[in-house]
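The values are calculated or read from the model by the stated rules, or taken from the named source; none is laboratory data. Source: prediction; values computed, not measured. For neighbour counting, all protein chains shown are included, and Cβ atoms are generated from backbone atoms with ideal geometry for every residue, glycine included. Areas reflect the complete protein model, heavy atoms only, side chains present, ligands, DNA and RNA absent. Shrake-Rupley method; radii C 1.70, N 1.55, O 1.52, S 1.80 Å.
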Amino acid sequence: MLRFVLAFLLLITPAAAQSGAWVTTGHAESRLIAEKTAAVPGETLWLALDQQLEEGWHVYWKNPGDSGLPLELSWTLPEGFEAGEIGYPLPHRLPLGPLMNFGHEGRPLFVVPITVPVDAVTGQTVRIDVFAEWLICLDVCIPESADLSLAIAVAEEADDAPRTAAMIREARSALPRELGLEARFADQDGAIVLAIEGAPAGDAYIFPDESGLIEPAAAQPSMRSDEDLVFTLTPALKYRAAPPEALSGVLVVSMQGQEVGVLFNAQRSDEALSLAAVPAAAVAEEGVGNVVLIFAFALLGGLVLNAMPCVFPIVFLKAAGITQLAGADRSEVRKDAYAYTAGVLATFAAMAALLLALRGLGAELGWGFHLQSPIAVGLFAVIVFLIGLNLAGLFEVGTSVQGAGQGLTQKKGAAGSFFTGLLAVLVAAPCIGPFLGLPIGYALTASPAAAIAVFLALGFGLALPYLALAAAPQAASLLPRPGAWMVRVKQLFSFAMFGTVVWLTWVVSLQAGPQGVLILGVALVASSLAAWLYGLAQEQGGSTLLRAAAALAIAIALAPLFTLTAAPVAAASTATEKIPYDEAMLAQYRAEGTPVFIDFTAAWCVTCQYNKRVVLDTEPIKSLFAETGTVFMVADLTNPDPIITAAIERQGRSGVPLYLYYNGEAEPEILPQILTAERVAQTLEQAG
């Protein structure tokens with residue numbers, strides 16, 4: 001019986017140690033929780049004050065704004081234990097009439113590091129107590145407090161607390177980041193002009209660490225000036241009485257519903273800071289020759305896109321369409337080429353206009369932004385899957401099954417070619433091929449008209465091989481004669497579409513996790529059922545009932561896709577020596593003279609994955625990284641990341657792939673978008 005009791009106590013101890021009891025006060029419930037099941041001597045134990053606030057009520061950040069009081073924690077700790085500073089969640093603006101407060105609503109988590117002494121005795125259970133005081137407000141404010149405690153074992157090693165470790169880690173990952181950004185400020189015309197170099201753009205707001213320096217309710221207009229994000233801030237009474245030499249705080253950037261906090265510490269500048277925005281057409285101002293060069297690069301880059309791995313699926317799809325032109329007259333060949341080109345140009349113009357509009361609203365996005373959404377990737381996968389089923393013969397578009405033989409000797413129609421052009425742009429957009437860095441970088445800072453003109457030139461280059469059929473109709477005579485072989489070729493090309501679906505499913509797995517793959521799998525099954533029902537309807541002369549069932553099935557297929565949400569991105573490679581992109585670490589490595597190779601990549605970029613498989617993840621190249629002591633950083637843009645997007649734009653680029661090699665403090669070397677083992681080896685050997 002004694003052994004049973006001991007075993008039971010050992011079994012329940014980890015669960016009991018992960019959190020203290022909930023304490024209910026007037027408008028909040030609070031408890032103390034731990035990340036680990038035990039405190040390990042010489043290590044840091046992360047605790048958190050977990051609060052559930054009554055709906056509509058809020059508590060305050062460390063700088064409460066115009067009114068309020070911050071959280072205060074008074075610790076009673078075992079001998080040798082020490083508590084660090086409170087890690088506050090990112091603050092939000094809380095307007096109250098003409099005032100503006102900074103605080104938290106809902107369920108804030110305040111994390112605190114506890115240093116465990118090296119000589120802490122293992123095998124014992126220690127008690128951690130804290131007296132927490134806070135001000136909680138709705139339209140009235142009430143001071144509340146609670147005595148909270150937590151009993152936790154001291155052991156040589158500890159596991160993650162099963163119910164609270166994920167909560168604390170998520171809260172820690174959301175804390176403001178230290179990126180080592182250079183910042184400075186100056187007094188100009190009665191305002192504070194604050195410039196933060198390399199800061200991500202977006203819906204940005206400054207939260208100063210110290211109250212009384214900046215008017216919380218005043219507007220904070222911002223603009224880009226060279227490499228700086230420049231704010232015009234209104235000084236408060238304390239600032240006007242004694243202007244400080246330093247101004248620190250948190251820059252919070254909101255983009256697509258996600259928030260990122262960046263720490264800054266600005267020093268006073270004796271020189272006035274520029275308030276001029278980046279010229280809208282900086283390159284154009286340097287002369288007509290540069291503009292001509294940009295459009296030439298855009299045209300050539302679009303042409304080269306046809307040979308990029310990301311466009312291969314559409315090359316197969318277009319080839320399937322061309323086989324159906326065998327035996328067609330020249331006018332049909334011209335119509336097909338013109339319709340395809342119109343689809344390419346219209347889609348490029350629409351996507352460029354959408355991108356420029358989103359950037360104008362403050363979003364920090366680059367080219368290929370649409371595939372950063374798991375919803376868009378899922379919809380794209382279903383469309384490509386249906387195209388594959390069509391090529392395989394499960395159903396026909398624009399003809400009956402009985403007339404399929406005759407239909408194969410005729411064109412698919414202008415609508416089909418236009419749609420193929422649309423798909424070509426959607427697939428090609430994530431890839432920034434050779435020659436495209438300069439024109440796309442220019443387009444993102446040019447006037448809207450000039451930017452769309454650049455993208456149209458890019459699209460014209462992409463469609464150029466097919467326009468050649470229209471410009472030289474005699475080329476149609478080179479097409480083979482129609483026959484039964486065309487059915488088999490169509491079916492063969494369907495496998496290129498199914499391979500693309502596999503790739504897109506992998507992208508969804510990285511963006512939305514296993515749950516996202518399950519949702520996409522259900523959508524693919526439902527869409528295949530819809531295709532089969534539609535095919536049956538064609539066989540039976542257009543059965544209304546079967547067509548309605550097919551429409552219902554496709555609705556069932558698409559609806560769940562809109563529930564896909566981004567999840568933490570898994571590593572794009574299994575190479576353990578790769579580390580995530582970190583600008584503070586990069587600055588440290590450069591100062592130390594350590595060479596750094598940065599892979600700006602994304603799961604949805606086929607060229608990026610091609611370079612990984614063929615070059616970067618091969619054993620000889622991985623060995624060369626180790627031999628030369630080169631640090632391999634991965635900047636993953638699978639999901640939106642304003643910091644990575646800003647880093648790409650600082651190199652005059654707008655998308656992935658991008659490969660940078662740093663060797664000390666010098667400017668980075670930019671490698672080609674299509675890598676070879678010889679080129680990478682030549683770069684890495686510089687470190688030796």
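Just a few scattered comments:
- Debye-formula intensities of the stretch 55-148, expressed as log10 I(q)/I(0) at q = 0.11 Å⁻¹, are -0.41 (one equal scatterer per alpha-carbon, no solvent).
- Surface share of carbon and sulfur [accessible, 1.4 angstrom probe, percent] for the stretch 648-688: 45
- Summarising the overall dimensions of the stretch 55-214 from its C-alpha atoms, the Rg and Dmax are 19.3, 64 angstrom.
- Formal net charge of residues neighbouring Ser149 (Cβ-Cβ distance under 13 Å; K, R +1; D, E -1): 0
- Trp506 contributes about 80 Å² of solvent-accessible surface, heavy atoms of the protein only, 1.4 Å probe.
- When Glu669, Glu170 are compared by accessible surface with a 1.4 Å probe, the order from highest to lowest is Glu170, Glu669.
- Gain on full stretching of the segment that runs from Glu182 to Glu82 - 0.36 nm per residue minus C-alpha separation: 32.8 nm
- Note that the stretch 584-651 presents 32 Å² accessible area per residue, ligands and nucleic acids not counted, probe 1.4 Å.
- With DNA, RNA and ligands ignored, accessible area of Trp22 (1.4 Å probe; Å², nearest 10): 100
- In the context of the full protein assembly, Arg613 retains an accessible surface of approximately 140 Å², using a probe radius of 1.4 Å and ignoring ligands and nucleic acids.
- Sequence-ordered 3J(HN,Hα) estimates for the stretch 74-90 from the Karplus curve with 6.51, -1.76 and 1.60 and θ = phi - 60° stand at 10, 9, 10, 10, x, 4, x, 6, 9, 9, x, 6, 6, x, 7, x, 4 Hz, glycine and proline given as x.
- Computed over the stretch 122-175, Kirkwood Rh from alpha-carbon pairs, angstrom: 14.3
- Amide H contacts of Trp46: Glu35, Lys36, Ile114, each under 5 Å away and 5 or more positions distant or on a separate chain (H built 1.01 Å from N in the peptide plane; Pro and chain starts excluded).
- Range of Cα positions in the stretch 576-633 per principal axis (Å), largest first: 33, 25, 16
- Of the listed residues Met585, Met100, Met633, the order by accessible area with a 1.4 Å probe, largest first, is Met585, Met100, Met633.
- For Arg127, Arg172, the ranking by accessible surface with the largest value first comes to Arg127, Arg172, using a 1.4 Å probe.
- Inter-probe distance in nm under a simple model that places probes 7 Å from Cα toward Cβ, at Ile556 and Arg334: 4.8
- In the stretch 23-91, the ratio of gyration radius to Kirkwood radius, Rg to Rh, stands at 1.00 when only Cα atoms are counted.
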